[in-house]
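Beneath this line is the structure, given in structure tokens, with notes to follow.
The values are calculated or read from the model by the stated rules, or taken from the named source; none is laboratory data. Note that the coordinates shown come from a computational prediction; the quantities given were computed from them, not determined experimentally. Cβ coordinates were reconstructed from backbone atoms using ideal geometry, including for glycine residues, and neighbour counts include every protein chain displayed.
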Amino acid sequence: MTESPTTFAVREVSGAAQVIDIAGDITAQSEDVLMDAYGRANQQKVNAIVLNFTGLDYMNSGGIGLLVMLLVRAQRQHQRVLAFGLSDHYRQIFELTRLDEAVSIHDTEDAALAATSRS
């Protein structure tokens, strides 16, 4: 399988949250670009990081590991991590790996952003 180029675009949506738009594949080779995106999102010292998975093509176990790393970094900064746009397949993976217990999963960006204002 040929890996799709991975991009992580950061958008500010409120003073309390930043969205990281994911496009392509998330594998172990995505570490530098994912952590760079997290660093850019964290420059504003926001309370929440929202991951947009609508552009995700593929994610393997290395990619799951990177998400765990991002989650640990966010928790150290007392930030919540939320997600939206996960396909049914990746929702199941989040449930199987129990990532859904640490990452708040939502159907839409609006729902995820609304949840950033709740405890």
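Structure above, values below:
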{"read-out": "Close pairs from segment 28-44: first on the phi < 0 side of the Ramachandran plot, partner modelled with pLDDT of 95 or more and surrounded by fewer than 17 Cβ atoms within 10 Å (Cβ to Cβ), Cβ under 6 Å, at least 6 apart", "value": "Ala28/Gly62"}
{"read-out": "Those residues of segment 1-18 which are assigned to a loop (DSSP other than H, G, I, E, B) and of a type in the set (Ser, Thr, Tyr), in sequence order", "value": "Thr2, Ser4, Thr6"}
{"read-out": "Residue in segment 74-83 that is surrounded by fewer than 19 Cβ atoms within 10 Å (Cβ to Cβ), of a type in the set (A, V, I, L, M, F, W, C), at pLDDT 95 or above and farther than 18 Å from Thr7 by Cα present", "value": "no"}
{"read-out": "Hits in segment 2-12 - residues which are at pLDDT 80 or above and out of contact with any helix residue (DSSP H, G or I) (no Cβ under 6 Å at 6 or more places or on another chain)", "value": "Thr7, Ala9, Arg11, Glu12"}
{"read-out": "Residue that is surrounded by the most Cβ atoms within 10 Å (Cβ to Cβ) [pool: residues in segment 3-44 that are under 18 Å from Leu71 (Cβ atoms) and touching a Phe, Trp or Tyr at 6+ places or on another chain (Cβ under 6 Å)]", "value": "Ile22"}
{"read-out": "Selection count where residues are touching a Lys or Arg at 6+ places or on another chain (Cβ under 7 Å) and part of a strand (DSSP E or B), scope segment 19-47", "value": "2"}
